[in-house]
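Accompanying notes for the structure given below.
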Amino acid sequence: MSKSVIMVYTDGACSNNPGGPGGWAATLNYEDRYDVISGNDVSTTNNRMELTAVVEAIEYLLSKGYKNIIINSDSAYVVNAVNKCWIYEWEKKDWKTKKGRDVANADLWKRLYKFCMTKHVSILFNKVTGHSGHTFNEIADDEAKKEVEYAKKKLQSGQF
């Protein structure tokens, strides 16, 4: 069964970056509705949450049979890593940077790389301006911020 192109808007947030509580969210836009997926971490970075939103959204959509995905992200870190081919260079260098350092968030980059290399799957990345009034981007931003608050509550209660 052929499924349509899914537009995804992702966002990540982190309080006390780096190492503070963070949240991520993705707004998944189908033809006649939208869904939001989200999550959090009690100790993370903003970049990790931005990347997690993308990876989780793609993984979720692929599990539902969608193969044409457009990721809209306000994270230059994520969009440039794919569109400027950094991710492919990192993989060739065994997940090392040009300076020979370990790539930050390599566990997530490896998952994203695998998705990008999957046959018969099309994933495109667009850089969007954050906080510019786009409804679905704002929904993802709001949800990521809520997840930060959930992570803070986990920390306060010791339930993590």
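Restricting the chymotrypsin sites (Phe, Trp or Tyr not before Pro) of the range 1-50 to loop positions (DSSP other than H, G, I, E, B) with no more than 16 neighbouring Cβ atoms within 10 Å leaves Tyr30. Heavy-atom accessible surface of Ser63, to the nearest 10 Å², is about 90 Å², with a 1.4 Å probe and all protein chains retained.
In the context of the full set of protein chains, residues of the chain present 54 Å² of accessible surface per residue (probe radius 1.4 Å, heavy atoms only). With contacts taken as Cα pairs under 8 Å and at least 6 residues apart, the range 1-78 reaches a relative contact order of 38 percent. For the range 78-160, the C-alpha radius of gyration divided by 2.2 N^0.38 Å, with N the number of residues, is 1.42.
A helix-only calculation puts the chain at -13500 deg cm²/dmol for mean residue ellipticity at 222 nm, using -39500 (n - 2.57) for each DSSP H run of at least four residues, averaged over all residues. A simple count of charges around Gly65, restricted to other residues whose Cβ falls under 14 Å of its Cβ and scoring Lys, Arg +1 and Asp, Glu -1, yields +2.
Residue-normalised convex hull volume from the C-alpha trace of the range 47-88: 76 Å³ per residue. Atom-type composition of the exposed protein surface of the chain places 49 percent of the accessible area on carbon and sulfur (1.4 angstrom probe). The figure for His131 is an accessible area of roughly 120 square angstrom, using a 1.4 Å probe on the protein chains alone. Return the whole-Å distance between the Cα centroid of the range 1-75 and the Cα centroid of the range 86-160. Centre-to-centre (Cα) distance: 8 Å. Compared with the direct C-alpha span, the chain from His120 to Lys99 gains 4.2 nm at full extension, assuming 0.36 nm per residue. For volume of the Cα convex hull per residue in Å³, the value calculated from this model appears in [x] 170; [y] 117; [z] 128 under label [y]. For the range 30-120, the average shadow cast by the Cα convex hull is 6.9 nm², which is a quarter of the hull's surface. For the residues Met117, Met7, Met49, a 1.4 Å probe over the protein chains yields an accessible-area ranking, largest first, of Met117, Met7, Met49.
The values are calculated or read from the model by the stated rules, or taken from the named source; none is laboratory data. Remember, predicted model here, so these are calculated numbers, not experimental data. Virtual Cβ from ideal backbone geometry, glycine too; neighbours counted across all protein chains shown. These accessible areas exclude ligands, DNA and RNA; they are computed on the full protein's heavy atoms, side chains included. Shrake-Rupley method; radii C 1.70, N 1.55, O 1.52, S 1.80 Å.
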